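Any read-out appearing in this document is the output of simple, stated calculations on the displayed coordinates, not a laboratory observation. Note that the coordinates shown come from a computational prediction; the quantities given were computed from them, not determined experimentally. Quick reminder, even Gly has a Cβ in these numbers, built from the backbone with ideal geometry, and neighbours come from all protein chains shown.
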There are 2 protein chains.
Amino acid sequence: MERQRGGRPRDSRVDHKILQTTRELIDEVGYPALTVDQVAARAGVGKAAIYRRYASKAEMAFVATMHEQQLPPPADTGSLHGDLLALVRAFHARMAAPAARQLAPALISELAVNPELDTRFTDTFLATEQAAFADIIEQAVARGELAGPVDPAMAHLLLLGSLASALYVLNLPVDDAMVTDLATAATAGIVALADRHHGDPGGAAEPG
Amino acid sequence: MERQRGGRPRDSRVDHKILQTTRELIDEVGYPALTVDQVAARAGVGKAAIYRRYASKAEMAFVATMHEQQLPPPADTGSLHGDLLALVRAFHARMAAPAARQLAPALISELAVNPELDTRFTDTFLATEQAAFADIIEQAVARGELAGPVDPAMAHLLLLGSLASALYVLNLPVDDAMVTDLATAATAGIVALADRHHGDPGGAAEPG
């Protein structure tokens, strides 16, 4: 588990208990009112055990609500659109969960002023997400659906960046029809970028 | 100016002074340390004059850094891609300004817990942005570039939602090459959504 510090073995029951308790308390009292003291008391662990694992309440809550769940295995549906739709549906279920919707805006605000948390977010959570896009793009190139590879970070941004803005910045309701539209648009966008960067020898021509 | 409350005439020099001072102080001390008292003192106005205009520091800073500048006139470049590229370049210049980058994450966090600010953000700032997309889409439909209209809110999300996530959630550097890729991808995405919702009589078929 890449979030363990320094690679020391740790009691995974304690890991689980802390994260489970954090999720329960976010559901009960909300993220703003959550404290590390509450989590320690209810989980029956010392605060030191929590601070050995997480530098702050924000990081603990982030891992509990957004990072802890493993990514689903890649769907390999046989098409770029199918793979992206399966991926965005899985992410939507996680990102739209009540605890995630409560935490994410506060986390966004903290990432901007906490470089250590931002680095951890980038190196673990974001890197894992982008790797899922890299796999899907590689398969689409192998199938001949894409003229060449597209930056996974850009693909990630087109699909999950839009979804994150909808959920966490604009506070929109997001249903499956909208998620499906996002997958359709991201698929077309990724194909267009592959054409733009690989299909045309100049590489920088504008479409249309 | 739609942000004036109740339509009463107001001293526009005071408006300007408050917003200009807010921008200066955000540049000097940063958004977290900014106070309404500081703005009132340096602008030479009473706090009451500020609170008649803005319900909170967040709202004042939002108007000063993100809302105050008028939208550029629509570019009407003759193509959907050209219009979207002109639009996203104009927004990027504004959204990536240092004061906007400082404020936006804090604003995102406050929007989630301040329904009044969220309503004002939606009804003024967001509505204006989405209207610009509605114009561009209407022109593209009239030119025959799109099979039919696409929800401007979705078009907005594809282009500026992705950009907002890049700037404010992931804290990425964003250069003109990336902005151009975003415009290319959003154009293809909007065309695909028009095809999906209008090109096929079933209207719900998956592409590919």
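From the label point of B:ARG101, set 7 Å along Cα to the beta carbon, how far off in nm is each other copy's matching point, shortest first? Copy-to-copy label distances for B:ARG101: 3.1 nm.
Distances, shortest first, from the label point of A:THR128 to those at the same position in the other copies read 4.0 nm; the point lies 7 Å along Cα to C-beta.
So, R0 is 60 Å and r is the distance between the beta-carbons of A:ALA33 and B:ASP76; what FRET efficiency does that work out to, to 0.05? Write out the running numbers ahead of the final one.
Details: r = 51 Å, r/R0 = 0.84.
So the FRET efficiency works out to roughly 0.75.
Remark: chain B carries a charge dipole of roughly 1080 debye about the Cα centre, counting +1 on each Lys and Arg Cβ and -1 on each Asp and Glu Cβ. Sorted from nearest, the other copies put their B:ALA142 label points 4.9 nm away, the label point being 7 Å from Cα in the direction of Cβ.
Counting pairwise Cα distances across the protein assembly as shown, what percent come out greater than 39 angstrom? Write down the numbers at each step before the final one.
On the way: 20618 of 86320 pairs.
More than 39 Å apart: 24 percent of the Cα pairs in the protein assembly as shown.
Given R₀ = 51 Å, FRET efficiency for B:ARG13-A:SER12 by Cβ-Cβ distance, to 0.05?
Details: r = 64 Å, r/R0 = 1.26.
Calculated value: 0.20.
Summary of the geometry: region A:115-134 and region B:96-167, compared by the centres of their Cα atoms, lie 26 Å apart. For B:LEU146, the residues whose amide H sits under 5 Å from its own are B:VAL141, ignoring neighbours fewer than 5 places away on the same chain, with H placed 1.01 Å from N. Ignoring lysines fewer than eight residues from A:LYS47 along the same chain, the ones with Cα atoms less than 30 angstrom from its Cα are A:LYS17, A:LYS57.
The charge dipole of region B:12-57, taken about the Cα centre with unit charges on the Cβ atoms of Lys, Arg (+1) and Asp, Glu (-1), comes to about 240 debye, rounded to the nearest 20.
At R0 = 22 Å, how high is the FRET efficiency between A:GLU24 and A:ALA48 if r is their beta carbon distance? Nearest 0.05 is fine.
It comes out at approximately 0.55.
Just to be sure I understand the rule: take each whole DSSP H helix in chain B, project its Cα atoms onto its long axis, keep it if the span is 15 Å or more and its mean Kyte-Doolittle hydropathy is at least 1.0. Which ones pass? Spell out each step's value before the answer.
Working: long enough: B:12-29 (25 Å, -0.60); B:80-95 (22 Å, 0.64); B:98-113 (24 Å, 0.85); B:127-143 (24 Å, 0.24); B:176-194 (27 Å, 1.34).
The qualifying helices are B:176-194.
When each of the peptides B:16-28, A:52-64, B:42-54 is scored by the mean number of other C-beta atoms lying within 10 Å of its residues, the order from highest to lowest reads A:52-64, B:16-28, B:42-54.
Which of the three applies to chain B, rounded, prolate or oblate, going by the alpha-carbon gyration tensor with a ≥ b ≥ c and a/c under 1.5 meaning rounded? Prolate is the answer for chain B, as a/c is 1.5 or above and a/b outweighs b/c.
Normalising the average separation of contacting C-alpha pairs (under 8 angstrom, six or more residues apart) by the number of residues puts the relative contact order of region A:123-189 at 25 percent.
Both radii were evaluated on the Cα set of region A:61-173; the Rg over Rh quotient, with Rh as the Kirkwood radius, amounts to 0.98.
Based on the alpha-carbon gyration tensor of region A:12-56, what equivalent-ellipsoid semi-axes (square roots of 5 times the eigenvalues) come out, in whole Å, largest first?
Numbers: eigenvalues 51, 25, 15 Å².
So the three semi-axes of region A:12-56 are 16, 11, 9 Å.
Between A:ASP123 and B:ARG101, the modelled label-to-label distance comes to 2.2 nm, taking each label 7 Å out from Cα in the direction of the beta carbon. Projecting label points 7 angstrom from Cα along Cα→Cβ for B:ASP176 and A:GLU138 puts them 3.5 nm apart. Shielding of peptide B:165-177 by partners, expressed as the average count of other chain Cβ atoms within 10 Å per residue Cβ, is 5.
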